[in-house]
Amino acid sequence: MIILGIETSCDETAAAVIKDDGKILSNIIASQISVHSKYGGVVPELASRKHVENILPVIRESLNKAQITLRDLDGIAVTKGPGLVGSLLVGISVAKAMAYALKIPFVGINHIQGHISAVFLEKEFPDYPFLALVVSGGHTHLYLAERFNRYRLWAQTRDDA
């Protein structure tokens, strides 16, 4: 199985191709740091506009680096939240349209659960239960991962923004 993953929750447009054995075939990221740095933080409207510009080239580059075509995909996964609404809408809209056109499954992924689950892409990974520290944008959380898809928040910061 070959999956295209799309991430547009904040200010980076990303696409990756991964096989069901965990092998990452590509991972392409378009940064928006130069756009937002002059404002001292992410400007949501600018972020979503840049996603519109970047998403198709990033997906195309990800497929090219993986040496596959759209027809080789078995499914598409996309970040469904949390994140900036406008940015999320760009990724979700493109992912849904592609999945519909290709007649393949589409699944929305929780951004925070994605961070926690990324550990399972490594050659060695923890057994359940384990503690997961998630530091991402405006999120700093400590979770107890009790089992797959079962996470309990232990601690969090009040404001990382």
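The values are calculated or read from the model by the stated rules, or taken from the named source; none is laboratory data. In this text, all values refer to a predicted model and were calculated from it rather than measured experimentally. A quick note on method: Cβ atoms are made from the backbone with ideal geometry, for glycine too, and the neighbour counts reach across all protein chains shown. Only protein heavy atoms, including side chains, enter the accessible area calculation; ligands, DNA and RNA are left aside. Shrake-Rupley method; radii C 1.70, N 1.55, O 1.52, S 1.80 Å.
Report, in deg cm²/dmol and to the nearest 500, the calculated mean residue ellipticity at 222 nm for the chain, where each DSSP H run with n ≥ 4 adds -39500 (n - 2.57) and the sum is divided by the residue count.
-10000 deg cm²/dmol
Mind listing the long-range amide H neighbours of S26? Cut-off is under 5 Å, sequence gap 5 or more, other chains count too, H placed in the peptide plane at 1.01 Å from N.
V17
At a threshold of 8 angstrom on Cα-Cα distance, excluding pairs fewer than six apart, so keeping six or more, what relative contact order does region 1-45 reach in percent?
RCO, region 1-45: 30 percent.
Separation between the S136 and E45 pseudo-spin-labels, each 7 Å from Cα along Cα→Cβ, expressed in nm?
2.7 nm
For region 92-161, what are Rg and Dmax over the alpha carbons, in angstrom?
For region 92-161, the Cα radius of gyration and maximum Cα-Cα distance read 15.1, 42 Å.
Between D72 and Q156, what is the spin-label point distance in nm, taking each point 7 Å from the Cα along the Cα→C-beta axis?
Label at D72, label at Q156, 3.9 nm between them.
Probe of 1.4 angstrom, ligands and nucleic acids ignored: what's the accessible area per residue over the chain, in square angstrom? Don't jump to the answer; show the numbers that get you there.
Details: 9820 Å² over 161 residues.
Per-residue accessible area for the chain comes out at 61 Å².
Exposed loop trypsin sites (Lys or Arg not before Pro) only (DSSP loop, at most 14 other Cβ atoms within 10 Å): please give the longest stretch of the chain free of them, not including the sites. Walk me through the numbers on the way to the answer.
Details: sites that count: K23, K103, K123, R158.
Formally, the longest exposed-site-free interval is 24-102.
Could you work out the pair-distance distribution P(r) of the chain from its alpha-carbon pairs, with 5 angstrom bin width and percents rounded to whole numbers?
Binned Cα distances yield the sequence 1, 9, 17, 20, 19, 16, 11, 5, 1.
Which entries in K23/K50; K38/K80; K38/K65; K19/K80; K65/K103; K103/K123 show an alpha-carbon gap greater than 26 Å?
K23/K50; K38/K80; K38/K65; K103/K123
Rounded to the nearest 5, what % of DSSP beta bridges with both residues in the chain are antiparallel?
Counting DSSP beta bridges with both partners in the chain, the antiparallel share is about 75 percent.
State, to one decimal in nm, how far the label point of K103 lies from the label point of I2, with both points 7 Å from Cα in the Cβ direction.
Modelled inter-label distance: 1.9 nm.
Quick one: pull the percent of accessible area on the chain belonging to carbon and sulfur, 1.4 Å probe, ligands and nucleic acids left out.
56 percent
Quick one: if the Förster radius is 25 Å, what FRET efficiency do I24 and D127 give, using the C-beta to C-beta distance and rounding to 0.05? Can you show the working numbers first?
Values: r = 22 Å, r/R0 = 0.89.
The value I calculate is 0.65.
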